[in-house]
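Taking it in order: structure first as structure tokens, then the write-up.
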Amino acid sequence: KMRSLKNFFLYECLFTLSFWSSISLSVGNELSTSVSHYLPEDDSDNKMKSLPLLYKNSYKSRASFDWVVIQNTTESLSLSEIRNKDVNKLIALLSNFKKGSRLRYLTLSNISVDWIRFVKILQIAWHSSIEYFNINNMTQLSNIYHYNFNYSGSSMKALTVKKVLITCLYFSQDDLYKIFSDMNVEALTIAESEMLHMLCPSHDSPFKYLNFFKNDLTDLLFQGCETLIHLKEFILRRNKFKSLSKASLMTSHMKSLRSLDMSSNMLHHDGAEECCQWAGSLAELDLSSNQLTESVFECLPVNIERLDLQNNQIVRVPRGIVELQSLRELNLASNRLSDVPGCSGFPALAVLNIEANSILTPSTGFVESCERVGELRAGHNPFKCSCELRAFIRLQRRSGGQLWGWPAAYVCQYPDELRGTELKDFHVSELACNTALLLVTALLVTLVLVAVVAFLCIYLDAPWYVRMTWQWTQTKRRAWHGCPNEQETALQFHAFISYSARDSSWVTSELVPNLEKGEGCVRLCQHERDFIPGKSIVENIIDCIEKSYKLIFVLSPNFVQSEWCHYELYFAHHKVFSDNSDSLILILLEPIPPYIIPARYHKLKALMAKRTYLEWPKERSKHALFWANLRAAISINLPMADGNTYGECN
């Protein structure tokens, strides 16, 4: 019975048990564990998979460990706590495992060794029956130099080296990396070892699996390397890669590559400025925990089947990207998505993960295009429970389990009164949703109408006209209540002159002298001369227009730029329509280009289009005819205070 052997193992010898399938040794002066820990608790005679054989040193004077040759009856051997002084004995031990022995698995842990002894260990293992060699926590003690390694005749299939510390700082990188790059094994792992680089194999390599987890590799790795033609799986997680385009070029000659893990690096992509060329065989790509934005969708393998973009800085999935026809699994969890991507660009998509983003309400287009997705993970988002969320909730009800993590991972975040409510418990009536839609529509229509009215008012200067009409009405009302008899006051002026102050020189030097001092004795109303002090300007304008038979407007580019001229034109136009008279006389002093006439002068445009106007001639010979026509237009006899009339000069 196995239990009967328990006390036997406490003696000072190492024993060889032919029926054990695995043996583990701890080498050193101190015991690392107890043999009894590995013995079965019952009385069965089950074989043990791993047993540490410990050497208890009974003689303090004994300075070295006498290695016992393990018979070739075990498949797995694990050795630990190996110091450089014991390595020669380790080499002697391993020399016993020639080809044909049962040993297939060898593990060395906590080993301190110099370069030449380490290479010899590898060389011996290479020509033994060992197929899987693991080295954990190794310290490299001495200088590294070139070694002609013999790779021929090996049974080795996989080498794993983890946590290597190199104490030598000055050595040729090629001497170190060439040993590993030209290995004729299918699987090579060098992890957690601060490795800076790796050489491209000098000939077509049998590598099918490479794992360089947690090193210091950069974008220079395997650039232009054409010998990794059999590589299928490549792990580069937790290194220092930065350029996604260079990573793609690294794979361009790896004709058999199926899986690439570049998670937890510093990858970014600058968009169309950088060219991407992935291996055509690449089907699985892990780019999680990098610095990628939505531009990553411009640099993806066309035949990708599984894509992991978790924990990046993606805000949206761009529309119009190249369709990924073969994509079956897409992970966009823990990004910055505010809306979920539609599935129309991924016809083969079966699994979509958009957990832990910033999605408030999945769009209707998303719900419709992703109904065929077998597994949808959208939990842990800050859902806004409103009418728009009903389609997303119906998706779960119709699919009967399509939403992974339902219902615990799907909780209302907004509004505050519903925070913490699971989506399965959120209900809203159809009437409430239709009412909200009606209110929104009414609000939009109101806003449009207000915007249209505001535009028309601004374009047609409606506020100005309303203000002027109000002032006209108020002035007329005050005149009526203050002195009703003035409403029938006789005309006092032949004409009221409206002009810009910039044209006053022509009015005072040409117009006024020729009409008032010439033939016909015309009496004109000028604002500088005839406005009554104490009255407002608007009241004076209205009063003078009311007391004038004709209204003369001196038109020029200066006229249309004057605000007061606009007032006078407006009141004059109002008088024409209210009195049904034909009292307007237009004098075109200078041509007015249509484009400089403001929109609010649409009345002036209409008047100039419908009425005949007098144009001031530049030729002096035509001035006499101009004045004659103007006098004829304003010819009328006005009563004077002495009984005479204006228009009959003495």
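The values are calculated or read from the model by the stated rules, or taken from the named source; none is laboratory data. All values derive from a computational prediction rather than experimental measurement. In this analysis, Cβ positions are derived from the backbone assuming ideal geometry, glycine residues included, and neighbour counts consider all displayed protein chains. Protein only, heavy atoms only, side chains kept; ligands, DNA and RNA dropped before computing areas. Shrake-Rupley method; radii C 1.70, N 1.55, O 1.52, S 1.80 Å.
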Quiz item: Out of (1) under 26 Å from ARG258 (Cα atoms); (2) open to solvent by 30 Å² or more (accessible area, probe 1.4 Å); (3) in contact with a Ser or Thr (Cβ under 7 Å, 6 or more places away or on another chain), the odd one out for CYS343 is which?
Solution: (2)
Quiz prompt | In the stretch 404-438, residue farthest from ASN353 (Cα to Cα) [restricted to those that are at pLDDT below 85 and surrounded by 14 or more Cβ atoms within 10 Å (Cβ to Cβ)] | solution = ALA436
Quiz item: Within the stretch 291-302, can one find any residue that is modelled with pLDDT of 95 or more and under 24 Å from SER205 (Cβ atoms)?
Solution: no
Quiz item: Taking interchain pairs and intrachain pairs at least six residues apart, which have beta carbon atoms under 9 angstrom, with the first residue in the stretch 610-623 and closer than 15 Å to ILE592 by Cα and the second part of a loop (DSSP other than H, G, I, E, B)?
Solution: GLU615/LEU589; GLU615/PRO591; TRP616/LEU589; TRP616/GLU590
Quiz item: Name the residues in the stretch 200-221 that are among the hydrophobic types (A, V, I, L, M, F, W, C) and under 18 Å from VAL164 (Cα atoms), would you?
Solution: LEU210, PHE212, PHE213, LEU217
Quiz item: over 19 Å from the mean Cα position of the chain (by Cα) and farther than 20 Å from LEU210 by Cα, is that true of GLN291?
Solution: no
Quiz item: Can you tell me which residues in the stretch 185-229 are polar (S, T, N, Q), part of a loop (DSSP other than H, G, I, E, B) and either open to solvent by 60 Å² or more (accessible area, probe 1.4 Å) or within 18 Å of SER264 (Cα to Cα) (or both)?
Solution: SER193, SER202, ASN215, THR218, GLN223
Quiz item: Hey, among PHE171, PHE133, which residue is crowded, with 20+ Cβ neighbours inside 10 Å and aromatic (Phe, Trp, Tyr)?
Solution: PHE133
Exercise. Kindly list, by first and then second residue, each pair from a residue in the stretch 253-269 that is under 12 Å from PRO301 (Cβ atoms) to a residue that is part of a strand (DSSP E or B) and open to solvent by 50 Å² or more (accessible area, probe 1.4 Å), limited to pairs with Cβ atoms under 9 Å and residues at least 6 apart or on different chains.
Key: LEU257/GLU233; ARG258/GLU233; ARG258/GLU284; SER259/GLU233; SER259/GLU284; SER259/ARG306; LEU260/GLU233; LEU260/GLU284
